[in-house]
Structures are given as C-alpha cells and as structure tokens.
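Please treat every number below as a calculation from the coordinates, not as lab data. The structure displayed is predicted, hence computed values, not measured ones. Please note: Cβ atoms are built from the backbone with ideal geometry, for glycine as well, and neighbour counts cover all protein chains shown.
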Amino acid sequence: MLPTNFDSLIADRPDLGPVLEDVALWIKDHPDWDIIDPREVSRSLTHGDAWALTMALRLLCDRGLFRQVYMVVTPSGVLADGKYDDPHRIPPRLPDRWNQPFETAEADIVAVLEPRK
C-alpha cells in the first residue's frame, strides 16, 4: 500500500492540509493501486482545487515520498503497463490491455506518482 501518513507535511504546510488529507483518503480507498494518478484523485477531491492538488503532489515528490514517472493511456482509456522516467524514452508501440499493439505517438502521456524505494 502507498504511504498515507502526511502529518509532518501538513504541519509544515497547513494550507495544503485538507488536500493532503484527501490524497491520503484516496490512497486508503484504493489499496490495490501502486501509483497515484492525479486524474483519478482530482475526481474525488472534497477540499481545494486542481492547483492545490498540484501543489500537494509536488510536495510529496519534493519531500522524497514519491517520484514522478510517466505512463501511456491506451486507446481504450486505461494506463498501459510500463512506467518511464522520461517521456522521450517511451517506445513507439506498446500493447494495450488486450495485448494489441498501438502507436504511442497518438496516445496521451500521463504523469503519475510512484513511491520512492
């Protein structure tokens, strides 16, 4: 499960506290996820807005809890397997969830957060 104890971050940045609590709740509600997908988290925000979420997620990276990586959205709208440190290193073709190859040049690239190891 992803880390959810952001108490020290909230103490340092009380302005982001409600959004960090939303992120922690989202993580607890999605125990099978191994990444934070900001698109998904933003749909369940009860406090703050997209800007506050962006600042909170940046804080999680700046403090070393998570790191930003990139994933590709398949034509069916799900994330393809594979996480990339650099979007320029994404292969030109990837398999979708039915193992059918698709052109990544025509796909959306999404920045997601994974826990630092």
If you find the alpha carbon centre of segment 2-43 and of segment 69-109, how far apart are they in angstrom? 25
Enter the angle in degrees (range 0 to 90, nearest 10) between the Cα long axis of helix 50-62 and the first principal axis of the Cα atoms of the chain, meaning the one along which they spread out most. 90
Quick one: compute the contact order of the chain, relative version, from alpha carbon pairs under 8 angstrom and 6+ residues apart, as a percent. 26
Taking only DSSP H segments of four or more residues, each worth -39500 (n - 2.57), what value at 222 nm results for the chain once the sum is divided by all its residues, to the nearest 500 deg cm²/dmol? -9500 deg cm²/dmol
So if each residue of separation counts as 0.36 nm, and I subtract the Cα-Cα distance between residue 106 and residue 34, what length gain in nm does that give? 23.4 nm
Distance in nm between residue 89 and residue 61 label points, each 7 Å along Cα→Cβ, equals 1.5
